[in-house]
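Have a look at the structure below, then the notes.
The values are calculated or read from the model by the stated rules, or taken from the named source; none is laboratory data. No experiment lies behind these values; they were computed from the predicted model shown. Because the Cβ atoms are built from the backbone with ideal geometry, glycine has one as well, and the counts that use them run over all protein chains shown. To get the accessible areas, we keep the full protein, side chains included, count just its heavy atoms, and leave off ligands, DNA and RNA. Shrake-Rupley method; radii C 1.70, N 1.55, O 1.52, S 1.80 Å.
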Amino acid sequence: MLSVQNLEVVYQDVILVLRGVSFEIPKGEIVSLLGSNGSGKTTVIRSITGLLDIQNGDITKGTISVDGEDITNEKPSKIVEKGIAQVLEGRRIFAELSVVENLRLGGHTNSKDIPQNIDRVLDLFPILKERSKGEAGYLSGGEQQMLAIGRALLTNPKLLILDEATEGLAPIIREKIWEALRNIRDSGISILIIDKNLKDLLTISDNHNIIHRGKIVWSGSSVQLRSSEDVTQTFLGI
C-alpha cells in the first residue's frame, strides 16, 4: 500500500534529518513508528503528507509511493486525493462549529459521500452522535480526538496517519480510540501511528518500526518486539 524507500530529508539545506529511511505499510494493517524525541518521526510524517515546506525541509533522495504510484514531493492536496489523511497532533478542530459541521469540512474532497461517511463516523463514535449538534469546543479532549479522526475519515482514505493519537487522554478514552482504530483497520484502511503508549501499541499494531537518529534501526511484529528488551531499552528507554 504505502512504500517509503531510502528517504533522505534535509532542513534548511544543511541539516540532514532522515538518513535512508525505508519501510512499508501493507493494506489493512496498523503499523507504528517508534522513537525518542528528535529521532525523526515527525519528519517522516511530513514527508509522506507533503508538509515539509512548513519547516523549510526537502526530500533529497528516495521515494514515497501509494499502491505503486509515486507521490514524492507532491502537494498536500494531491496527496489527500491519493488517499492519505492525517490527524495532526493537537487535534485542531474548529471549536466554534458543531460536530457535524466539522465532519462536513473533512469531506470537501468527496462531497458525494458526505452523508454516508458522517453516519459511519457517528456509528464508530456513539458519543459524537449524542453531541452531533453541539459546538465542538465543548467536547472533552478525548471526544475532540475522536472528532479529528472522524473528520479525517471523511476523505475516504486508504491510509490514516495519527501523530500522538492518545497523548494526555485518560485510559478509558484511550481504549475507546484503540477499539475504533481496530475497526478502521478491519474495514481495510491502513494506519500509521505515532504514540508513546507502547503497551497499548503492542496490542493493536501488526508491525512496528523504530527510528533512531534518522534511520530505521529495527522492524518487526508485536511478538518480536515484546521479546526484544534490549531493543526497547536501547532505543526507547523502556
Review point. Just one of the numbered conditions (1) surrounded by 15 or more Cβ atoms within 10 Å (Cβ to Cβ); (2) free of Cβ contacts under 8 Å to residues at least 12 places away in the same chain; (3) of a type in the set (S, T, N, Q) is not true of Q233; which one?
Key: (1)
Point to revise | Considering residues of the stretch 129-145 that are without any contact (Cβ under 8 Å) to a residue 40 or more places away in the chain and of a type in the set (S, T, N, Q) only, the residue nearest to E89 (Cα to Cα) | key: S140
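Here's the yes/no breakdown for (1) without any contact (Cβ under 8 Å) to a residue 40 or more places away in the chain; (2) charged (D, E, K, R); (3) in contact with a Phe, Trp or Tyr (Cβ under 9 Å, 6 or more places away or on another chain); (4) closer than 30 Å to S65 by Cα:
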{"residue": "R120", "(1), (2), (3), (4)": "yes, yes, no, yes"}
{"residue": "E164", "(1), (2), (3), (4)": "no, yes, no, yes"}
{"residue": "A180", "(1), (2), (3), (4)": "no, no, yes, yes"}
{"residue": "G188", "(1), (2), (3), (4)": "no, no, no, yes"}
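Working only within the stretch 191-215, note down all residues that are on the phi > 0 side of the Ramachandran plot and either of a type in the set (D, E) or open to solvent by 30 Å² or more (accessible area, probe 1.4 Å) (or both).
R213, the sole residue that qualifies.
Can you pull out every residue in the stretch 94-142 that is assigned to a loop (DSSP other than H, G, I, E, B) and open to solvent by less than 30 Å² (accessible area, probe 1.4 Å)?
If we filter the stretch 94-142 for residues that are assigned to a loop (DSSP other than H, G, I, E, B), which is where we start, we get 94-97, 107-110, 125, 131-134, 139-140.
If the condition is that a residue be assigned to a loop (DSSP other than H, G, I, E, B) and open to solvent by less than 30 Å² (accessible area, probe 1.4 Å), then G107, F125, S132, L139 are the ones that fit.
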Study note, to complete from the structure: Filter the stretch 58-81 for residues that are assigned to a strand (DSSP E or B), closer than 15 Å to I25 by Cβ and in contact with a strand residue (DSSP E or B) (Cβ under 9 Å, 6 or more places away or on another chain); the one that is most open to solvent (accessible area, probe 1.4 Å) is T63
Practice item. Looking only at the stretch 1-26, count how many residues are in contact with a Leu (Cβ under 9 Å, 6 or more places away or on another chain) and modelled with pLDDT under 95. Key: 1
Review point. What single numbered condition from (1) surrounded by fewer than 18 Cβ atoms within 10 Å (Cβ to Cβ); (2) within 16 Å of G28 (Cβ to Cβ) fails to hold for G220?
Key: (2)
Check your understanding: Looking only at the stretch 53-100, which residues are under 16 Å from L7 (Cα atoms) and in contact with a helix residue (DSSP H, G or I) (Cβ under 7 Å, 6 or more places away or on another chain)?
Key -> G57, D58, I59, I64, I71
Exercise for review: May I ask you to verify whether I84 is open to solvent by 50 Å² or more (accessible area, probe 1.4 Å) and within 30 Å of G168 (Cβ to Cβ)?
Suggested key: no
